[in-house]
Amino acid sequence: MKCKAISLFCLLLTGMLPIKAQQIGEAEVKRIISILADDDMQGRATYSPGIEKASVFIEQEFTFIGLEPLPGQKDFRQRFATVGRQVRALDSIKEGEEPRFLHNVAGMIKGSSQPDEYVIFSGHYDHIGIRKAVEGDSIANGADDDASGITAVILLAEYFKQHPPERSLIFAAFTAEEIGGFGSRFFSQQLNPEQIVAMFNIEMIGKESKFGRNSAFITGFERSDFGKILQQNLEGSSFQFHPDPYPEQRLFYRSDNATLARLGVPAHTISTTQIDKDSLYHSVNDEVESLDMQNIADIIEAIAVSAKSIVSGKDTPVRIKKEEE
């Protein structure tokens with residue numbers, strides 16, 4: 001993906017960003033999301049051949065971008081197992097148990113001056129698979145939920161590879177969010193939460209939010225100053241982050257940010273879903289054609305710019321109060 005000549009710095013000075021995305025291209029958004037939500041992925045159900053195809057694609061993208069595996073890993077697969085509802089490391093499986101094997105896909109860019117402090121950009125790459133047919137279509141493609149979030153993770157990885165960070169950045173595609181958050185639960189056990197500065201979890205950004213274009217909301221906005229920092233970095237632009245307008249939905253605890261948030265990490269989900277009236281949610285009609293590619297590109301661009309002072313080490317969001325699961 002070629003960057004345009006106009007710099008982010010100049011755009012910020014003139015207040016033009018992110019009315020039109022300048023470095024996150026609509027064509028790349030469509031390419032990635034179309035592959036992830038293709039019928040060939042069979043709805044990316046956990047434990048299915050379709051989700052394996054999706055993980056291979058994400059790994060290929062991470063390789064092309066030039067990410068590194070996480071410390072101690074030989075590749076981008078963070079492997080684990082489930083035994084019933086338990087999430088288990090592979091070396092903890094006991095004789096007689098019947099594990100089912102899963103993996104997250106995670107890569108990183110090592111920070112130049114603060115490599116032991118981590119900022120996470122994440123989404124989930126699983127969906128709900130095959131459903132009851134509607135007009136001959138039985139594949140729940142999950143274009144918005146959450147191919148849109150994984151598209152953001154991939155393009156943010158590419159963006160920050162071109163803009164080297166001071167803190168280390170982890171780009172994580174979690175598995176099994178839809179059936180219990182197994183991927184993020186295992187992921188949270190592999191890192192010291194005190195070293196995680198912030199988590200940008202991205203979930204369902206495929207359509208305009210209730211606040212219109214150039215806007216998104218942040219779950220748990222009031223729990224830290226994460227959102228305020230992001231908005232300060234967008235000062236002079238047309239983009240606005242809002243508090244979650246659906247508190248009754250308890251979205252803060254319904255996505256992959258929840259596990260790390262309970263450990264005190266400023267871990268929030270960025271979304272645009274109008275969850276109270278989205279008739280395509282968890283249906284076979286969550287298709288690429290229902291999404292607004294330019295709006296997605298603008299949101300990803302806004303996330304990239306809004307993260308700049310956290311990624312650079314200038315700002316550190318206050319910790320979230322720890323809660324019991």
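Does segment 14-152 come out rounded, prolate or oblate by the C-alpha gyration tensor, with a ≥ b ≥ c the root eigenvalues, rounded set by a/c under 1.5 and, if not, prolate when a/b is larger than b/c and oblate if not? Verdict is oblate for segment 14-152. Binning the C-alpha pair distances of segment 133-225 at 5 Å intervals from 0 yields a P(r) profile of 2, 9, 15, 20, 23, 16, 8, 3, 2, 1, 0 %, listed from the shortest bin outward.
For the chain, the residue among 70, 54, 309 whose Cα projects farthest onto the positive side of the dipole built from Cβ charges is 309. Each other residue within a Cβ distance under 12 Å of residue 305 adds +1 if Lys or Arg and -1 if Asp or Glu, for a net charge of -2.
Backbone N atoms of segment 185-207 closer than 20 Å to the 7 Å Cα→Cβ label point of residue 274 belong to residues 203-207. Evaluated with a Cβ-only charge set (Lys, Arg +1; Asp, Glu -1), the chain carries a dipole of roughly 720 debye about its Cα centre, given to the nearest 20. Working from the Cα coordinates of segment 236-325, the gyration tensor eigenvalues give, after taking √(5λ), semi-axes of 25, 21, 11 Å in decreasing order.
If you take all other residues with their beta carbon under 10 Å from the beta carbon of residue 203, and give Lys and Arg +1 and Asp and Glu -1, the sum is -4.
Relative contact order, whole percent, for the chain stands at 23, derived from Cα pairs under 8 Å and 6 or more residues apart. Each of 294, 234, 171 was scored by the projection of its Cα onto the charge dipole of the chain, and the greatest displacement toward the positive side belongs to 234; charges sit on the C-beta of Lys, Arg, Asp and Glu. For segment 180-297, the calculated P(r) over all alpha carbon pairs, in 10 Å bins from 0 to the bin holding the longest distance, is 13, 41, 34, 12, 0 percent. With an a/c value of 1.5 or above and a/b not larger than b/c for the gyration tensor axes a ≥ b ≥ c computed over the alpha-carbon atoms, segment 34-75 is described as oblate. With a threshold of 24 Å on the Cα-Cα distance, the over-threshold entries among 110/314; 74/161; 30/161; 53/132; 30/53; 53/210 are 53/210. In terms of its Cα atoms, the chain spans 63, 49, 41 Å along the principal axes, sorted from long to short.
None of the figures in this text is laboratory data; all of them are computed from the coordinates on show. Note that this is a predicted model, so its numbers are computed, not measured. Positions of Cβ are generated from backbone atoms using ideal geometry, with glycine treated the same way; all protein chains shown enter the neighbour counts.
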